[in-house]
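Colleague: Submitted below is the structure of interest, expressed as structure tokens.
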Amino acid sequence: MPHEPEPDDYLCEQVRRTLAHDDRVGELDVHVAIVAGKVFVTGSVATELRRDAISTIVGEMLPAHELHNDVSIPLMHDTGEIEHL
């Protein structure tokens, strides 16, 4: 008997798709997990505005869930190396 996806799996996929297709974010490198009523978003985006938009969008989609936005914003240094915050 195949494993049936949990309802939270569907919510995670719906949020991830929305973040990928919404013009305010438009990022594919964002991961979403829901554990015990908390939403954890990880990955990286290009700007602080996109990171803030993630909080707004997830808050609109799942207002009853506590959000943990752990998305990083890579910074370029003079050395050409990327630092993740």
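No value in this document is a laboratory result; all are computed from the given coordinates. All figures in this text were calculated on a predicted structure; none of them were measured in a lab. Neighbour counts are summed over all protein chains in view; Cβ atoms, including those assigned to glycine, are modelled from backbone coordinates with ideal geometry.
Colleague: What FRET efficiency comes out for the pair ASP52/THR18, r = Cβ-Cβ distance, R0 = 22 Å, nearest 0.05?
Modeller: That gives a FRET efficiency of 0.90.
Colleague: Another one. Long-range amide H contacts for VAL30: which residues qualify at under 5 Å (H placed 1.01 Å from N, peptide plane, sequence gap of 5 or more or a different chain)?
Modeller: none
Colleague: Run the numbers for ASP9 and ALA33: contour at 0.36 nm per residue of separation, minus the present Cα-Cα distance, in nm.
Modeller: 7.9 nm
Colleague: In addition: Give the value in nm², to one decimal: projected area of the alpha carbon convex hull of the range 14-57, averaged over all directions.
Modeller: That works out to 2.8 nm².
Colleague: Compute the normalised compactness of the range 7-84: alpha-carbon radius of gyration over 2.2 N^0.38 Å, N being the residue count. Mind showing how you got there, number by number?
Modeller: On the way: Rg = 13.0 Å, N = 78, 2.2 N^0.38 = 11.5 Å.
This ratio for the range 7-84 stands at 1.13.
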